[in-house]
Each structure stands twice: as C-alpha cells, then as structure tokens.
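Before any comments, here is the structure.
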Amino acid sequence: METKKLQSNFLLKQDKQSSNIFFHKLSKHGIFIPCLCFLLVGQPICFAANNQASIRQFQQRIIDNPKDVDAHLRLAVEYSKANDFVKAVQTYFALLKIDPNNFHAYNNLGILYKQSGQYRDSLHCYQEAQRIDPDSYWVPYNMGLCYEAIGRMQEARESYGQALSLNPSFSQALQRLRALSSDGNDKPLPKMSELSDAQIYTADSRTSKPVIKSQPSEAPVVISKNEKSQPKTAVTKEKVEKISDRLSKEKNEKTNLKHRTKRKGSAAMVFNQAMDALESGKMELAIELYINSVIAERELLAEPENDLIRQGLKFLKDRPNRMPNGLFFRGMLIHISGHLDLAVADMKNYIAANSNSERASSISQYLEEAQRIIDQKEAEKQALAALEKERAEAVALAEQQKKLAESGALSDKDAARPSDYALKRMNIEQIIQEADKLSRESRLTDAVAVLENGLSREPDNIRLLMRSANAYADMLMLKGDNEAGKMALIRFKTVAESAQPNSREASIAREMVNELNKRVR
C-alpha cells in the first residue's frame, strides 16, 4: 500500500515537471500560460461532493495509466466545471503532450482563453482545432464569438457563415449572422455565449466521436490498456482526364459563374454554397442553404438562382415532409415566387405545428420569418380594404354630384372639390391649378383643403406655401376669420425663412408678415 502511494506521488510529480517543460515550449508559439494563470488564480475554487469524486476517479485513472487520453480530457472538463481554470489548462497541455493532435483539447482551451480575455491565444487554439477537424461547425462559431468580442465584425460574419455552411440547421450561427447583418448594425446585439453554455467537449473513446459535456452523457468509459487507436488514413487517387474532358469541365465552370453572386460577406458565401449543392444534385441542402442566405440578406433575392426555386417547389410540392422544416421552405419558395396567399397557408400550418413543440427554440428564426410573412399579408389585406372603401366613397360622391347636376339643383360653383382619392393621384402642378380655380370661384375653404393635401406630401414646397398663405389671408380679409389670419401669418413666416433671401417670394412674405402683425389679434 505504501509502495502504491509512493508510486502515485512520484508519477504526479513527474507529470507536473513534464507539464512545466511543455508549457515553456508552447509559450514560444504564442500561447501564454503564465498570463492565464495570473488572470484566473484569484478565482474561488468550490468543489461539490460529486465533482470531487469525479476528479479523484479520473486522477486515479491517470495514475494507473499516464497515457489515458480520455481520463485527461474528462479531468480537465471537471476542473472547468469547478471553476479551477488553471488546473484545467494544465491538464489540457498534459493531454497535448500525449496526443499533440487532440481536437477537443484545443477547442476547450480556446473557450478558456476567451473567457479570460486572451483572445489572440483563443483564436490560435481554435485554428489548431479547425486544422485537426475542418468539419466541426462549432469551431468557426466559437471563433466568431471571439472575433465579435474584440470588434472584428467582418471576420465574425465570415466565421458564422462558415459554421452555417457546415451545418445549415445551426440556428445559433444564423441568429448571430442576422444580428451582424447590414440591416441590423444599429440594433443592440443579443447576449453572446458565456463559458457556462459554451460547448466543452469530452471524448467517447469507443467511437472516437465528441460528446458535449453540457448535455447528459454516458458514464465514463475506461480505456483498456490493450486498446489501440486506429489512425485514420485517407487514400487519394489521381484521375487522368482527357484534354477534351478538361476543356468541357472548364467551360461548364465558366458557365456556372453566372449563377454565383459577386456580393461579399458570409450570407453571399452561403448563397454560393446553395448553387454548388444544386449543381451536385443535393436538392435538400440547396433549398436549406438558399433560404438561410436570403433570410440573412434580402438583397440576395435579386441574384440569379439557377432555377433553384422552380426545382425546389417541384421537389416539395406534394411532400413537404420529405425534409426537416419542409413546410416552411415550401412556403418561403412560394412567397419568393410572388404568391403570398399560398405562402401564408403553409406558414400558418408550420407555426401551428411547431410553435409549442420542444424544437421551437432551435427553429425560432424560421418561426419569426413565417410570422413576418403572415403579418405582411394581413397588412396588404387591410391596405386593400381601405383603398376599396376610398374608391367606393369617391364613386358614390361622383354619382351624387351627377344626379344633382342633372336635376339643376347644383351649379358649377357649388360643385364639390375633388375627393382625397383623386387628389392623391394628382401631381403638385395639378393641385396648384385646382387650388387656383377654386380661389377664383371664391371657394377659399376648398382651395385651402386642396393645398393642405399637397403640403402633406411636400411640406417645404414654396409655391404651395405661398398659395396656402394667400388663401388664408383672403379668408381673413373677406370673412374676418382671425384663425385663418393666424395660419396665414405662420405660412408667410415659413416662406420668409425658407425662400432665397433675395427672391420675390421672400420679399412678399416679409411684407405680408408686417401687415398681418397689425391685423391679426
């Protein structure tokens, strides 16, 4: 028993010395352990009972087998959960000494460095993780959070776009991408991920696949001493192409360029990925990438889509459930093709089926877009109803005037002024002509109403302001309307201030202001 204890102490001491040497070597490559330790050493260490048991268990496994990769990784995660970040970092570097290409160690180190504010070192670790596993969509997402924290927004957009291209259903990346899009620069950004909900990985030694520690995972798996990792080998074969085939391929590539957007940014990159997927026959991926790109950046709707909309509608026409969120994608394609009524039906069914489901939070962006389309249809419906009501009132008024004119009860002088519906369709010159006609007929109230309609569109138009001021002044002079005189004074003052100082209008306006100041009570 005593021998075992001495052996344990010796191995721990030896591992600590090896780790210190390894820290020194890595610091030469830009990863500064002493700085991280200085920043985090003051944080309190508070182990729960089960956490301590797990730490002791993995420490014992490392004593039994100092090259147990899985035990090192799980021990580092336990240290991170206990907020003992210094020991977590030391354990990750001990792991990298055993396995220099361990993806999980680099990814988790990047998270710890970001938490401590060492963004350069964090990015270095993420780049190493990406080199080891270029298919992991969490790594570019984590890099995007890091770039965003230091204000490098363009690189953050590109990182989120890369994450989205690797996983088109990655709602977190789509949310951040939309928050940083050009039409959302002035909006407050949603809160970014902290360490508590960052994706810290541990390894499943039986399958060599990552398990997210923040979610329930299986019990620790002990690696057998006889178990040997099977290195992955990639065999590449060079294909010899005929000159004619190569020329044909180059011609096709040049033709396909017209279906690629020249816009910059991550949404444009996702759009081009959609065109690539379409040409490769991956219809589901093409539809999902295309819809995500146009949700993130509306301007991409103007780009040539290589017949993707027609093919996508044909693919989803009778069987939208053949792909996840197929009902939403079909509704979006119908909406983009200009059939809003049909799109609303799909969007309502999609919201009804998913708004209260367990996956609602993960598809929140799609649910919001579906509701926006429904609201747009409702707004158009209300606007159309208001327009129809206005037209009906104009027709009724015209019919009434016609009947009165035919009966001789209505003279030309008593004819009603043009309706608001008709005035809205007149240009400024026509409005001025109509107001002048009404003024000559001494219908000053109608003339003022017509001019006010024009001023609602162009409040700074000097010609409209002058005619409106004159009409109000005539109402004061002819009818003794003091309120009209006050309005005339306001309008003439506006002209005197707005018109060119040496202009005829400004001169007349100044004279009228002096005259009206004497008359208006």
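The values are calculated or read from the model by the stated rules, or taken from the named source; none is laboratory data. Treat the numbers as computed from the prediction; the structure is a model and nothing was measured. Quick reminder, even Gly has a Cβ in these numbers, built from the backbone with ideal geometry, and neighbours come from all protein chains shown. When the accessible area is computed, the model is the full protein with side chains, heavy atoms only, and any ligands, DNA or RNA have been set aside. Shrake-Rupley method; radii C 1.70, N 1.55, O 1.52, S 1.80 Å.
Mind checking which residues of segment 450-508 are charged (D, E, K, R) and within 47 Å of the chain's Cα centre (by Cα)?
E452, R457, E458, D460, R463, R491, E497
What is the residue count in segment 457-483 for residues that are open to solvent by 60 Å² or more (accessible area, probe 1.4 Å) and either farther than 19 Å from E441 by Cβ or at pLDDT 85 or above (or both)?
The number of residues fulfilling the criteria is 9.
Output the residues belonging to segment 381-404 that are of a type outside the set (A, V, I, L, M) and either without any contact (Cβ under 8 Å) to a residue 12 or more places away in the chain or open to solvent by 60 Å² or more (accessible area, probe 1.4 Å) (or both).
Hits for segment 381-404 are K381, Q382, E388, K389, R391, E393, E399, Q400, K402, K403.
Does segment 137-146 contain any residue that is under 24 Å from the mean Cα position of the chain (by Cα) and part of a loop (DSSP other than H, G, I, E, B)?
Yes - at least one qualifying residue is present in segment 137-146.
Considering only helices (runs of 4 or more DSSP H) fully contained in segment 424-521, which possess at least 1 residues that are free of Cβ contacts under 8 Å to residues at least 40 places away in the same chain, out of contact with any His (no Cβ under 7 Å at 6 or more places or on another chain) and over 30 Å from R391 (Cβ atoms)?
Of the helices (runs of 4 or more DSSP H) lying wholly inside segment 424-521, those with at least 1 residues that are free of Cβ contacts under 8 Å to residues at least 40 places away in the same chain, out of contact with any His (no Cβ under 7 Å at 6 or more places or on another chain) and over 30 Å from R391 (Cβ atoms) span 462-479, 482-498, 504-519.
Report whether or not V86 is of a type in the set (A, V, I, L, M, F, W, C), under 24 Å from C125 (Cβ atoms), part of a helix (DSSP H, G or I) and in contact with a Cys (Cβ under 6 Å, 6 or more places away or on another chain).
Yes, satisfied.
Being surrounded by fewer than 18 Cβ atoms within 10 Å (Cβ to Cβ) and either farther than 18 Å from A267 by Cβ or in contact (Cβ under 8 Å) with a residue 60 or more places away in the chain (or both) narrows it down to one residue among E378, E368; which is it?
Criteria check complete, one pass: E378.
State all residues of segment 262-292 that are touching a Ser or Thr at 6+ places or on another chain (Cβ under 9 Å) and of a type in the set (S, T, Y); if no residue qualifies, say none.
The answer is S266, and nothing else.
Just give me the residues in segment 497-509 being buried (at least 19 other Cβ atoms within 10 Å of the Cβ) and either farther than 21 Å from E429 by Cα or of a type in the set (D, E, K, R) (or both), in sequence order.
Across segment 497-509, the qualifying residue is only A509.
Tell me whether segment 135-154 contains one or more residues that are crowded, with 21+ Cβ neighbours inside 10 Å, hydroxyl-bearing (S, T, Y) and over 23 Å from R178 (Cβ atoms).
no
Identify, from the list F328, F315, the residue that is assigned to a helix (DSSP H, G or I), open to solvent by less than 10 Å² (accessible area, probe 1.4 Å) and aromatic (F, W, Y).
Within the list F328, F315, the selection yields F328.
For segment 23-37, state whether one or more residues are at pLDDT 85 or above, open to solvent by less than 80 Å² (accessible area, probe 1.4 Å) and among the small types (G, A, S).
No, every residue in segment 23-37 fails to be at pLDDT 85 or above, open to solvent by less than 80 Å² (accessible area, probe 1.4 Å) and among the small types (G, A, S).
Pairs needed: first member in segment 55-82, open to solvent by less than 10 Å² (accessible area, probe 1.4 Å); second member anywhere, of a type in the set (D, E, K, R) and not in a helix (DSSP H, G or I); C-beta distance under 6 Å; at least 6 residues apart or different chains.
Here the result reads V77/K213, each pair linking segment 55-82 to a residue that is of a type in the set (D, E, K, R) and not in a helix (DSSP H, G or I).
Of the residues in segment 101-134, how many are farther than 16 Å from S80 by Cβ, at pLDDT 90 or above and assigned to a loop (DSSP other than H, G, I, E, B)?
Going through segment 101-134 one residue at a time, the tally reaches 3.
One residue is enough: does segment 415-426 have a residue meeting the conditions at pLDDT 85 or above and at negative phi?
no
Which residues, taken from segment 83-135, are over 31 Å from the mean Cα position of the chain (by Cα) and among the polar types (S, T, N, Q)?
Of everything in segment 83-135, those that are over 31 Å from the mean Cα position of the chain (by Cα) and among the polar types (S, T, N, Q) turn out to be N83, Q90, T91, N101, N102.
Can you tell which of E299, E305 is buried (at least 20 other Cβ atoms within 10 Å of the Cβ) and at pLDDT below 85?
That would be E305, the only listed residue that is buried (at least 20 other Cβ atoms within 10 Å of the Cβ) and at pLDDT below 85.
Output the residue which, of all residues in segment 160-173 that are assigned to a helix (DSSP H, G or I), open to solvent by less than 10 Å² (accessible area, probe 1.4 Å) and without any contact (Cβ under 8 Å) to a residue 40 or more places away in the chain, is farthest from S362 (Cα to Cα).
A163
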